[in-house]
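These notes are about the structure you will find just below.
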Amino acid sequence: MQSKLIIAIDTTDPTIMKNMYNSFKDNPNISFKIGLEVFTSLGLKFLEIFEQPEKVFLDLKFLDIPNTVYKSVKSICRYPFKFITVHSLCGEEILQAAIRGRDEAQKNFTTKTKLLGVTLLTSMDENNLTLFSSSSTLINITELAKRIDRVGFDGIVCSALEANFIKNNISSELITVCPGIKTREIAGSNDQRRVVFTDELHRFQADYAVIGRSILNSPKPISTVNNFFKESNYEYHRGIAQ
Ligand code: C5P
């Protein structure tokens, strides 16, 4: 399958933000992830650069008591963002509160912001997971993914390495949004543990690939993005299309 691309805008430099937006805003297969770095520096003013909330994945990873998550999600869903994220670690009630907040804010919207459940950060491995669980990474992710599916979330943030398992064993309907993906040309920093390279991505059912530093730090972001679509294409790998 061919993954769509989400560029993680992890920078506070407005020139880089504007360049990224202007270079890729017209590509229907590309959206932008605005995370804590941009949000804590600009707040919602980032929408003055990223003018179309429908093309923005707002990744604030909500994790709080259900009432606070409900109110925060309700507040942010005044805007029709493409995706927002909520942590799934602390129980179903928080996820249900997020659905309520989204639905109340967007009852008159034709398309609703999709809710993504965060399982385990891709920077975590077995060593730091043992702090709060003796189960393996896959068991933890399986239980969290079942929870995310059960409450009726639209999708899940997971490593591409887990995407096939989730699609085949939990639900083929859950949208898989996968960070921890790198191009081989830009090595980047090595804080991500469960990494997949773009030329391996065609083997995994990742609906969306989230890529930050490999594109932001590239000397030629447009050619890096073109290479991403070429390298990650299943048909290309089978030699059917060039
Ligand atoms: O630069 P890089 O491609 O590693 O960026 C990955 C992006 O994905 C970052 O914005 C990070 O916050 C995000 N992310 C992640 N792991 C998750 C969820 C989000 O790395 N589980």
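Kirkwood analysis of the Cα pair distances in the stretch 4-237 returns a hydrodynamic radius of 18.1 Å. For the stretch 1-122, dividing the convex hull volume of the Cα atoms by the residue count gives 121 Å³ per residue.
In this label model, Gln52 and Ser172 are separated by 2.9 nm, measuring between points 7 Å along each Cα→Cβ vector.
Each reported figure results from applying straightforward, stated rules to the coordinates on display, with no laboratory input. Predicted model, so just to flag it, every value in this text is computed and none were measured. Virtual Cβ from ideal backbone geometry, glycine too; neighbours counted across all protein chains shown.
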